[in-house]
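What follows is one structure encoded as structure tokens, with my remarks underneath.
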Amino acid sequence: MLTLVTGVTGQVGRRFVPRLLAQRRPGERVRVLVRDEARGERFAELGAEVVLGDLRDTETLGKAVAGVDAVVNVAAAFRGVPDEEAWAVNRDAAVELGRAALASGVRRFVQVSTGLVYGLGRGRPLTEEDEIRPGGAMWGAYGESKAAAERELLALDGLDVRVARLPFVYGEGDPHLAQSLMWAANWAAAQRLQMGHHADVAQGLLRILHAPGIAGRIYNIADDAPVTAVELHQLNGVEVPAALYDRTDPDPWFVITSTDRIRRELGYRPLYPSVYAARDAGAL
Ligand SMILES: NC(=O)c1ccc[n+]([C@@H]2O[C@H](COP(=O)([O-])OP(=O)(O)OC[C@H]3O[C@@H](n4cnc5c(N)ncnc54)[C@H](OP(=O)(O)O)[C@@H]3O)[C@@H](O)[C@H]2O)c1
């Protein structure tokens, strides 16, 4: 079995691949797609095959999927990129990768997505059955392009597509937790962020990748304890601005997701049920 992983130089991918490699059984191999040869060396040293190229290049896709049994598409463009690039990578290249996978006989395709695709909250934790409701402060090219990719990939006849919707991912030295203040500084005090530690995102992705009989299924991945804007300041050792207490949360259930499905169907249990558990374990 050969598994291709994209986006391995990013925050999620670079922490997922070593775990995928560590859990390999005899005969299982891992291939990674990177854009920069030097950044692929680390993965070669860990035992992965390295393919060089950009996801938007169809020749690259053909090379990347040749002989592959499963794909985990982690790559995305969303950190400060123009909208055109977000659409080109998150939707167009993802769907092309799905088509290339189908054409080359790939058996499983895990699409890494985001809880932002839900759009507006529903007054309760969001479940995978919920329709997308566009809107909210963070709705834009990123969420829309990821939602479109999910839809188009799931519609590819003959490809076993599984979708993983991630929360705000943190831990293991990822600067993301500190970066959360870019938004949280402008939130209401009690406004919440749904979290997930890298170890648990990797756990969820591995379960989704390996489970038989879940073609077409979508799974939320998250921990059990969303944290408030006040706690995000505290966790970062930053004084809570008084203005937070003057604001009202426009949507208290915005991207708060249920993990019932992945717990019940795939046995997922967060190793770090809260950011505090991760902090106490020295895993931030
Ligand atoms: N981090 C989170 O909190 C979070 C939350 C929800 C969902 N997600 C999802 O999780 C996935 C990974 O996120 P991340 O935080 O790890 O993102 P990231 O750190 O920005 O990494 C993005 C990865 O995608 C690769 N990539 C971008 N454009 C590419 C292209 N044209 N061709 C080939 N590779 C390309 C990047 O390669 P280079 O290094 O070469 O740029 C990098 O490896 C994404 O699908 C994202 O939507 C993340």
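The values are calculated or read from the model by the stated rules, or taken from the named source; none is laboratory data. Values in this document were obtained by computation on a predicted structure and should not be read as measured data. Positions of Cβ are generated from backbone atoms using ideal geometry, with glycine treated the same way; all protein chains shown enter the neighbour counts. These accessible areas exclude ligands, DNA and RNA; they are computed on the full protein's heavy atoms, side chains included. Shrake-Rupley method; radii C 1.70, N 1.55, O 1.52, S 1.80 Å.
A few points about this structure:
- Taking the Cα centre of the chain as reference, the dipole from Cβ charges on Lys and Arg (+1) and Asp and Glu (-1) amounts to some 780 debye.
- Per residue accessible area of the chain, 1.4 Å probe, in Å²: 43
- When the chain is treated as a Gaussian network with alpha carbon springs shorter than 10 Å, the biggest mean-square fluctuation among 47, 196, 13 belongs to 47.
- Neighbourhood net charge (14 Å Cβ-Cβ; Lys/Arg +1, Asp/Glu -1) for residue 225: -2
- DSSP-loop GluC sites (Glu not before Pro) across the range 184-284, with at most 15 other Cβ within 10 angstrom: 239
- Comparing mean-square fluctuations of 238, 227, 68 from a GNM of the chain with C-alpha springs under 10 Å, the top value falls on 238.
- Calculated mean residue ellipticity at 222 nm for the chain: -9000 deg cm²/dmol, from DSSP H runs with n ≥ 4 weighted as -39500 (n - 2.57), summed, divided by the residue count and rounded to 500.
- Local net charge near residue 70, Cβ-Cβ under 11 Å (Lys/Arg +1, Asp/Glu -1): +2
- Net charge of Cβ neighbours under 13 Å - reference residue 191; Lys, Arg +1; Asp, Glu -1: -2
- Alpha-carbon centroids, the range 164-225 and the range 259-274: separation in whole Å: 12
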